[in-house]
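Quick note: the coordinates plus some simple rules give every number you see, no bench work behind them. Bear in mind that the values here come from a model prediction, so they are computed numbers and not experimental data. All Cβ positions, even for glycine, are placed from backbone atoms using ideal geometry, and neighbour counts span all protein chains on display.
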Amino acid sequence: MTNARYCPWLLSLAVLFTVMGSADLQAGWGHGKDDDRDRDRHGHHDRSWNDNTHTVQLGPRPYYLVNDMDEGPLKRKLQSCMNQPMKRSDFSIGHRGAPLQFPEHTRESYVAAARMGAGVIECDVAFTKDRELVCRHAQNDLHTTTDIVTIPELNAKCTQPFVAADPASGTPARAECRTSDLTLAEFRQLTGKMDGFNPDATTPEEYVQGTANWRTDLYATEGTLMTHKESIKLFRELGVQFTPELKTPVVDMPFEGDYTQADYARQLIEDYREAGIDPSDVWPQSFQLDDVLYWINHTPAYGQQAVFLDQRANEPDVTSLAYLQSLKSQGVNVVAPPLWKMLTLDPRGEIVPSEYARNARSAGLEMIAWSLERSGPLASGGGWYYQSVNDAIDNDGDMFTVVDVLARDVGVMAIFSDWPATTTFYANCMKL
């Protein structure tokens, strides 16, 4: 990579160090795989507690959330940790990096997540037209997460090139641009941006202006897109673990007649093998159980930690102990449901573990929750991610109540967050 491409990233990193405030708190960043290092409580390489060459900087948000909490023992406990040093934690997963304020799945977003103490960072994996793996949340989100529609020659390659809104008929603007519409060389011409679009746009430049008002474009001047292999290299340099998600294709598979779903799943794992990454540092994910079972049966070293992303409604056929035991019997060791799926309200209106969570634990399954810091302000209940406990959510500080129930009562091993400083703070305070 040339110096010309590094310079914007270094400038953004310098800005990050400044904006994240006075919390210059000591913790460590490792520098790659080291089998001789200590392992954490789950048996994985723990780099953060052995190397103090880098710092974790949380910035003001975790402290804002604590101050916004209702009075009680949990608030007092978290207040007692406000001035303690912070270290990296594997309880804290950077969901797409740190997309509350940085363009998701960009170098800048990943570096921000690591700076906030995320011990694990996610690259969602999609494939290009020439079957190269790249980091994108969905195969068909380039029109909302990059500047593609503003580049005429690339917009023209989109499945649905940009079409302006028609105010007279009330027809909104539209576009659909897929990673599989572009070669890797073409993908590299794009710049990441905050996810969003303007449905009233009459020009491509207006279309890309759609950032939610509770996020920001302040740090979106640079958005360096990455391939999956580049993310592996970066994460190893940052000393974090890896959780790639094999995104469900929107194109028919086999792609172009001969690139099968198994090829796609195999290619993801092969990138880690070729890079010499220890399987204990990799948590491959998929919403498709067949992908997880493929890894378990065909790449068992990496399949042992394969994560089944389970967001189906809490109906009896997916919450029963028998069903969850059947997952375990097939070799699934980790499930990752959304926040709401593991929580419910008891008769007093208190947040408690759901039947799904209780039965998953009884079945011997580890659990990972997603995604914190993705709902915007919580004054109105938190929306989709908190749907099973909306009635108990009325301020941003309630986020820590949810985290506490997930950690203490549900027993999750980690939580995805769009702003990993929040989960890093909790993990350090509770010594997870």
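In table form, for the structure just shown:
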| quantity | calculated |
| --- | --- |
| Charge dipole of segment 289-347 about the Cα centre (unit charges at C-beta), most positive-ward option of TYR323, PRO347, ASN297 | ASN297 |
| Under 17 Å from the Cα of LYS157 - lysines, other chains or at least 8 residues apart | LYS129 |
| Proximal lysines to LYS431, defined as alpha-carbon separation beneath 17 angstrom and excluding residues fewer than eight positions away on the same chain | LYS75, LYS77, LYS87 |
| Dimensionless Rg/Rh of segment 277-424 - Kirkwood Rh, Rg from C-alpha atoms | 0.98 |
| Unit charges on C-beta of K, R, D, E only; dipole of the chain, Debye | 940 debye |
| Farthest toward positive dipole pole in the chain [+1 Lys/Arg, -1 Asp/Glu at C-beta], among HIS137, THR248, CYS123 | CYS123 |
| Of HIS298, HIS137, HIS228, the one that fluctuates the most in a GNM where the chain has Cα springs shorter than 10 Å | HIS298 |
| Net length gained if the chain between LEU218 and ARG131 were fully extended (0.36 nm per residue, minus Cα distance) | 28.0 nm |
| Antiparallel %, DSSP beta bridges [both residues in the chain], to 5 | 40 percent |
| Computed magnitude of the charge dipole of segment 127-254 (debye, nearest 20; Cβ of K, R +1, Cβ of D, E -1) | 460 debye |
| All-pairs Cα distance distribution in segment 328-404, expressed in whole percent, bin size 5 Å | 3, 16, 27, 23, 15, 10, 5, 2, 0 |
| Tensor-based shape of segment 193-241 (alpha-carbon gyration tensor, a/c under 1.5 rounded, otherwise prolate or oblate) | prolate |
| Given charges at beta-carbon only (K, R positive; D, E negative), |dipole| of segment 345-432 in Debye | 300 debye |
| Label-to-label distance, nm, for residues given as ALA301 and LEU345 (7 Å Cα→Cβ offset) | 5.0 nm |
| Stokes-Einstein translational diffusion, the chain - Kirkwood Rh over all Cα pairs, 1.002 mPa s, 20 °C, in µm²/s | 96 µm²/s |
| Under the span-like rule (Cα at least 20 Å along the axis, Kyte-Doolittle mean at least 1.0), DSSP H helices of the chain | 3-19 |
